[in-house]
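The values are calculated or read from the model by the stated rules, or taken from the named source; none is laboratory data. Every value quoted in this text rests on a predicted model; they were computed, and no experiment measured them. Quick reminder, even Gly has a Cβ in these numbers, built from the backbone with ideal geometry, and neighbours come from all protein chains shown.
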C-alpha cells in the first residue's frame, strides 16, 4: 500500500457490480453564483470521501481547469459551509474554454491530474461546457444551479428558493413604504428568459401584477386594474417585472401616464443572489450533489441531476441545453389571485 | 333579485356541468397555528369571491362553529395577510365538538347559516373533526397545516417549511456560541410522533446527530462519534432532538456522562410556529386553498387536499387519519452526510 | 359633566403647577416614511391618554390638516404597531401648506377642531412646517424622523438605526457574491446632503471606501488602494456611495477605468426605508414621543425633541432648520479601519 | 534591522510625546461570548498594525495565556469577521487563573512572549482577571462585552444591542402564535443580576409586563391588569422574565392560578447570544477596541474603555467591579407605556 496525495492509505478496492472504481473526482462552480452552491460542494466532498474517493475543487469554474488552479477538499474544507451564500470555490465565466483549444487543454489537464470524473455546478452556459467535456469523452455530470430557475428538466434549481425568499423579504419591506405613501412600486427582479422569479414573487407577495417574458405585456389592462383599485381607495400597488421582459423604469413611465399617480422604481439587483441558503436549497443541493457522485460511480456522463415531480432523477444534458423550460401552470393559475 | 346578507345582489346562477352551485362557504383554522394559514384563508376567500361565492370565517376553530362566532370575509379582510404568521381567524382546541351533541350542534349551525361547504385548515385532530362532519353529511374538505409535517398523504403540510427555516436560523445562531466555547448543544425541536423537523434540520444545519421517534436512539454510537471528533479537535457539536423521541435535557445528561465535555440545552419552543411565512408556504397554502374551493364546487367532501410528488391532488380523510406518515427516505439518506 | 367626541366622560381637570391642561392633541407623520414612526405615534397616543388627553391622528401629513382628514386614536388603534415599518397614518408632501393661505387654513382647522397642540414627526421639510405653525401661534412640537440622520441637534433620528441595519444586511449578502467572483461592488445608499448612512455602513461592513458629500471624492486614491489590494490577491471590494455625493454608476465608470477589473453596481433604494423597526428605533421613538406630550403639557412650542450625548432634551426648531449637521468625528476616525 | 516573528522588518521607533513605544500587544475574549467580539478583535488588530504594533490573540481567554495558546493576527486573520457572531479566538472560563499561582504563570508567560499590553474583552469575571494582572504590574485594559448590559460605567456593552434585537425578533414571532390562540406567553430572557434585557425588550415589544431582579415582583398587580385586559377582549399577553428575577415556569404557575387562562412558557436561551452583530454593536466594538490600543500606547492600565452619555471614555476597573449598575431611569419611565 502506498500513500496518496491526501495522506490516506490507499485500499485496494474492488468495484461492486455495476460500479466503477473512482480514485479522484473534481467539482467546480461556474457562471452566476447562488446560495446552495456551497452545500452542494460539501455534499459531493463528504459523499466521495465516504466512498473512499479523493476530491479536488477547481477555483473559478472552468478557468481553474485551464490554469490547474485547484485545492484538494477534505471534511474540514467544507465544514461550516452548508448555509453560506456564494461559492467558496469562486466562479467565473471562461471564454477560452469555449474554444476547441481551450476545451482540449481542459481535457488534458483533467487527465494529467488523474481525475476520473467532474461535477459542474451551474446554469445554462456551464452545463454546455459540461456537455462539451462529455462529448470529448470525459465523464462529466451537471448539477442545476440558477436563481432564475430557467433550466429545463428540473422543477427547481439550486439557489432559486433562496432568491425567491430574498425578493419577497425585500418586497415586504417596500410594501411598508408603499402603503405609507399611496404609491405604486415597480420592482425589477432577475430572469432574462424566464419569468419564474417575477411570477412566483408576485404570487407570494400578493402583488398587483407580474410582467414576464413569456407573456406579452398589456399595460392597458394593468392600468385599468390600478385605476379601479384607486377608486376603491387602494392606492398602493406592487408590480414585479422580470428583467428579461422589460425594465422597471420603462414600465413605470408607461403606467404613470395611463394611471396618473405617483410611482417609484426599485431594481433589486445582487441582493437576490446572496445570503444564507434556505433549508430547501440546502437539502436540494445536498441531494443533487450526493446523487452526482453516485452517478459518476455508476459510470454515467453527459447528464444533469434533477429534482422533478418530487423525485430525484437525471436527464441528458443535450435535452437541457436544447429545450426551453415551460412556464409553471400552477403558478400561472395562482396569478388569478393577484388583486383584480 | 333580493339582497343577501353580505349586501350584494344575488345573481341567479346556473351550475356548469359537473359543478355545484355554491352560495356560501366557510373556512376555519384549528389546532396549533402555523405560518401560511393566513395565506390559505386569503386564497380560499379570493377564489370563492371570484366564483361568486360568499365566504364566512369561523373564529377559533370548531368553537366558532358551536358558538356562531364568525365574520364574513371580503377581499379587504384578507388584504396584506398573505405573509403574516399565525391565523387571524384564531385557533383553539374544542373538546365539545368531539361529543355527539357538539357535532350535532355544529352541523345544525352550519345548516342554519346557509353554508354549503366548509374548509378545515389544520392537523391531525382538526382533520378528524372534518371527517366527522363529512360523515354526518356536511360537505367538508381538509387542508393539511402542521409544522410537524406528520400528515399522511401529502409531502408537505402548510407551515413546515417556515418552521424548518426558523429552526435552522436559530441553530445557525447557536452554532456561533457553540464554536466560541467548544461546547455540545442539544437542541429540542417540535415533533411528537414524527422526526421530520429534527431530521431535516439536522441535515440542513450539518448537525452531528438527530434523535427522532422513528429510530431507536443509541447514545453510545453518538458518544463514540463525538469522542472521535474531540480527538480531531472538533469540539463543538449540535444535536437535534425531536420532542417525541426524548427531551434535550435527558439526552444531555446521558451524553455528558459518556463524552465528558461541556454541554448546553436549548428548547426552541414557540419561535418554531411564528414569523412571516416562507415563499414555499405562501404558494403551497394558496394552491391548497384554491383547490379546496374547486373541490367543494365539484361536490367533493371527506377529502384532504394534498401536494405529493410535485403534484396537487387529494386523498380520503379516512386514509389520512388511519395511516402513519413514513419517514422520508431521501432525508434519511442525507443523514449519511452528518459529521461522522 | 358632558360627553366629548370620544364618548368619554370629561373630568373637570385642574392643572398641576407649571402644566397646561390639554384636552386634545394631534399627531401627524410627514415627508419620507421610516421605521419607528408607528412606535412614536403609539407612544404619543398612550402617554396622552394616560394624562387624560384625547389624541387625533391626521392622515397623510399636513395634507390631512388641510382636508380635515383625521382619525381619533385610542389604545386599540396603536396596538401591535410598535414594530411595524412605515406609518399607519400615512405620509405625504404638501405644497399647499407652504403657502400663506395653506398655513392659515391649517391653523384654522386645528383651532376649529379644538386641538391644543400638535406633534409633527418628520425630517427637514416637515419641521419647517412645524415651525411655521408655531410662529403663527399654534403650539407645535417637532420630532426628528429621517433615515438620513441629517438633522441638526440630535445624535440620532427615528429610522436611522433600522435603515443602517437594512443596508448592512444587504451589503453582507452582496459580499457573498462579490467574494464568489473577484468583483468590486459599488453600492449606492440614501443621503442627499449627509454621508452618515454611507459612512456608518462602510464602517460596519468593513467596506473598502465610502464616498460622501461632506468630503471631496478622490477616485485616484481609492483606485491606488484597490490596485494594491489586487496585488495582495484581495480581489473583491465594496464601496459605499451616498446618493448626494455621486451615483454608483458614475463611480463605477471612473474606477473601472483606473483599476481595470470587473465591477457591479447596486442601488439599494427603498428597502432602506422599510422593515420592522430595530429595538433602538422603537425605544428612541417611544421616548421622543412621550417627551413631546410632556413638552406640550408644559406649554412649550417651536422646539424639536432630541437625543444627544445619551440624554433626551430639546432644541429650538429655528436652530434645527438653520444649521447643518456636522459629520460625526467618531465615525470618521473609525473610517481609518477601512481596508487600506 | 532584524526580522521579528511576524516577518516584518522592524523600524527603530521613537515614541511621540506622551506615548509609549509598544512592540507587541495581545487580545483575548473571556466569559460568555457575544456578537461584536469579533469586530472588537478586528479593530484592535487593525489599529495596532497601523501603529506598527504586532498583535497576538490568545485562544480561549485566560486559559490561552496559561497554556501559551495563541495565534499572531494580521489584516487577513480578521478579514470578513466584523459581523460574525461569537468569537473566533474562542472563550472559556478559567478557574486556574484565579489562583495566585495561575496569575503568576499568566504574568510570566506574557512577559516571556514579549507582550507589552493586553486587551481583555468580556464581562464581570473577565474584568476582575484584567484588574488582577494590572495589580501585578502588567499593562491591561478591559473592554465591556456582555449581553446582560450589567457593567457599571458604560451605557452599553458589546453584544447587548444584538441580543436585544434577537429577543425582540423572537418575541415578535411568538406574538403571532399568542394572538392566534388567546394565550399568555411567559418568556424568560438572560440577565442574572440585571433586568436590562427584560425591561428593554418589554418596552420594545409592547409586552404587558416585565419581571426583573431590581424590582420586587407583584404577581397580584400583573394578574389584575391581565384580568382587566381579558374583560376588554384582549386575551393574549406577553410577559418578559429576567432569569435572575424568577423562572418563566414559576411565574406561569403563579399567574395561571390567579388569572385562569391558558399560558405557555418559552425560555429563549442561547439564541440570545449569537447571530450577526447589529450595526450598533459593530461600531461600538470597533471604537472601544481602537481606543483600547490608544490607551495602551498612552501607558494606561487598570481601566475599562466606556461609552457613556454618547461619549467614549474610560473608568477605573476597580470602580466597575465594585459597583452595581443602576436601572435605567429612561427605560423605567417607558415601562409606563406597557399595556395597562
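Worth a mention:
- Every condition in (1) surrounded by fewer than 24 Cβ atoms within 10 Å (Cβ to Cβ); (2) modelled with pLDDT under 95; (3) touching a strand residue (DSSP E or B) at 6+ places or on another chain (Cβ under 8 Å) is met by residue A:139 except one, and the failing one is (2).
- Every condition in (1) more than 17 Å from the chain's Cα centre (by Cα); (2) farther than 15 Å from residue C:261 by Cβ; (3) in contact (Cβ under 8 Å) with a residue 40 or more places away in the chain is met by residue C:190 except one, and the failing one is (1).
- For region A:58-80, filtered to residues that are within 13 Å of another protein chain (Cβ to nearest Cβ) and closer than 17 Å to residue A:292 by Cβ, the residue that is surrounded by the fewest Cβ atoms within 10 Å (Cβ to Cβ) is A:78.
- Across region C:235-277, the qualifying residues are those that are out of contact with any strand residue (DSSP E or B) (no Cβ under 7 Å at 6 or more places or on another chain) and at positive phi, and the one among them that is surrounded by the most Cβ atoms within 10 Å (Cβ to Cβ) is C:275.
- Condition broken by residue C:218, with the remaining ones in (1) more than 14 Å from chain A (Cβ to nearest Cβ); (2) at pLDDT below 95; (3) crowded, with 21+ Cβ neighbours inside 10 Å satisfied: (3)
- Selected residue [out of contact with any strand residue (DSSP E or B) (no Cβ under 6 Å at 6 or more places or on another chain) and modelled with pLDDT of 95 or more] from A:172, A:182, A:155, A:112: A:112
- Subset of region A:18-56 [away from chain C (no Cβ under 14 Å), closer than 20 Å to residue A:110 by Cα and part of a loop (DSSP other than H, G, I, E, B)]: A:20, A:21, A:22, A:23, A:52, A:53
Here's the yes/no breakdown for (1) in a helix (DSSP H, G or I); (2) touching a residue at least 60 places away in the same chain (Cβ under 8 Å); (3) within 29 Å of the chain's Cα centre (by Cα):
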| residue | (1), (2), (3) |
| --- | --- |
| A:202 | yes, yes, yes |
| A:230 | yes, no, no |
| A:238 | no, yes, yes |
| A:245 | no, no, yes |
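- For region D:83-106, the candidate set comprises residues that are within 22 Å of the chain's Cα centre (by Cα) and away from chain B (no Cβ under 14 Å); within that set, the residue that is surrounded by the fewest Cβ atoms within 10 Å (Cβ to Cβ) is D:98.
- Of the criteria (1) crowded, with 23+ Cβ neighbours inside 10 Å; (2) free of Cβ contacts under 8 Å to residues at least 60 places away in the same chain; (3) in contact with a helix residue (DSSP H, G or I) (Cβ under 6 Å, 6 or more places away or on another chain), which one residue C:166 fails: (2)
- Residues satisfying the stated conditions in region B:57-78, i.e. touching a residue at least 12 places away in the same chain (Cβ under 8 Å) and assigned to a loop (DSSP other than H, G, I, E, B): B:59, B:60, B:61, B:68, B:74
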